[in-house]
Amino acid sequence: MSQGLELRELRLSYGTTEVLRGADLSVPSGQTACVIGPSGSGKSTLLRCVNRLAEPESGEVLLDGESILHANPDRVRQRIGMVFQHFNLFGHRTVLDNITMPLRTVRGLSKVDAHHTALARLGEVGLAHKAQYRPSALSGGQRQRVAIARALAMEPEVMLFDEATSALDPELVKGVLELIAELAEGGMTMIVVTHEMGFARRVADQVAFMDRGRVLEVGTPEQIFDSPETLRLQRFLDQVR
Ligand code: ADP
Ligand code: MG
């Protein structure tokens, strides 16, 4: 039984559009897979299947050898955290509340324990001093760090990032990427969908190129970026760099 995350032959259609057409990806425990590929190739849908936000018609998602597709979705989301492009924070609550709420409802922590955990996590992303602010008073980069702290507070085994820096002003991208890189170095198991090719090259254990609903090529950063095998990947790389 392999430790880590395994996506097998995922298929999913919206109406007549086949969005996932047998997508495979295997991420050993403690490793980071970066997923690259053109817009519309199914990257977000792939992550959504792993987090039970979308249901594949067939295929399997295994975490440490066990299917998560039939497990309780709340339990799955506790084990597998996800960070989105647009933060998805509650705007009318404080930064602290945004983190304590799921700690109380999902992990069942007491008010005091939730408070302590949330502050500790905020400290780790350098934002303990913003605990009582509303998200709207923060920069995009700070908001994304709050979203990451919120996900980490659940003590997930796996983290998924869906273009976490795509909505940020350029000068804010670096801080968030550094945080993700630190998680990778710390041994978190992760799938990171990103347009940041330099980041993928530096941080990924493996890079997966998605094209039209499939993982068309997968390999080390050197293999993918320096010796792409398919014309489709070559063309994609030509466009993005
Ligand atoms: P990517 O993240 O690589 O840009 P997505 O997974 O978001 O790709 O989308 C892949 C395709 O699926 C796109 O053509 C998109 O329009 C379509 N799609 C995604 N979500 C839905 C949905 N909820 N309903 C209908 N079509 C969808
Ligand atoms: Mg997407």
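The values are calculated or read from the model by the stated rules, or taken from the named source; none is laboratory data. Keep in mind that this is a model prediction, so the values were computed, not measured. Heads up, the Cβs are rebuilt from the backbone with ideal geometry, glycines too, and the neighbour counts pull from every protein chain shown.
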- Query: Counting only residues that are buried (at least 23 other Cβ atoms within 10 Å of the Cβ) and closer than 19 Å to Leu46 by Cα, how many does segment 166-192 have?
  - Reply: 4
- Message: Looking for something surrounded by fewer than 18 Cβ atoms within 10 Å (Cβ to Cβ), under 18 Å from the mean Cα position of the chain (by Cα), within 16 Å of ligand 2 (Cβ to nearest atom) and under 18 Å from Leu233 (Cα atoms) - is there at least one such residue anywhere in segment 40-50?
- Response: yes
- Residue hits (segment 180-231; more than 18 Å from the chain's Cα centre (by Cα) and assigned to a helix (DSSP H, G or I)) are Pro221, Glu222, Gln223, Ile224, Phe225, Asp226, Leu231
- Query: Is at least one residue of segment 58-68 within 16 Å of ligand 2 (Cβ to nearest atom) and touching a residue at least 60 places away in the same chain (Cβ under 8 Å)?
  - Reply: no
- Identify the residue in segment 6-56 that is part of a helix (DSSP H, G or I) and hydrophobic (A, V, I, L, M, F, W, C) and, among all such residues, is farthest from ligand 1 (Cβ to nearest atom). Val50
- Return yes when Arg75 is within 20 Å of the chain's Cα centre (by Cα) and basic (Lys, Arg) and no when it is not. yes
- In segment 185-235, anything within 16 Å of ligand 2 (Cβ to nearest atom), under 22 Å from Leu63 (Cα atoms) and of a type in the set (D, E, K, R) is listed as Arg214
- Does segment 16-31 contain at least one residue that is more than 16 Å from ligand 2 (Cβ to nearest atom) and loosely packed, with under 14 Cβ neighbours inside 10 Å? yes
- Task: Could you please find all residues in segment 124-137 being under 24 Å from Arg77 (Cβ atoms) and at pLDDT 95 or above?
- Result: Leu127, Ala131, Pro135
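Yes/no per residue for (1) at positive phi; (2) within 16 Å of ligand 1 (Cβ to nearest atom); (3) out of contact with any helix residue (DSSP H, G or I) (no Cβ under 9 Å at 6 or more places or on another chain):
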| position | (1), (2), (3) |
| --- | --- |
| Pro135 | no, no, no |
| Leu138 | no, no, no |
| Glu155 | yes, no, no |
| Glu163 | yes, yes, no |
| Lys174 | no, no, no |
| Ala181 | no, no, no |
| Glu185 | no, no, no |
| Asp205 | no, no, no |
- Task: Kindly check whether there is at least one residue in segment 15-25 that is at pLDDT 95 or above and within 21 Å of Arg121 (Cβ to Cβ).
- Result: no
- Note on the structure: Across (1) more than 16 Å from Met159 (Cβ to Cβ); (2) modelled with pLDDT of 95 or more, Val61 clears everything bar (1)
- Query: So Val112 clears everything in (1) in contact (Cβ under 8 Å) with a residue 24 or more places away in the chain; (2) farther than 13 Å from Ala153 by Cβ except one condition, right? Which one?
  - Reply: (1)
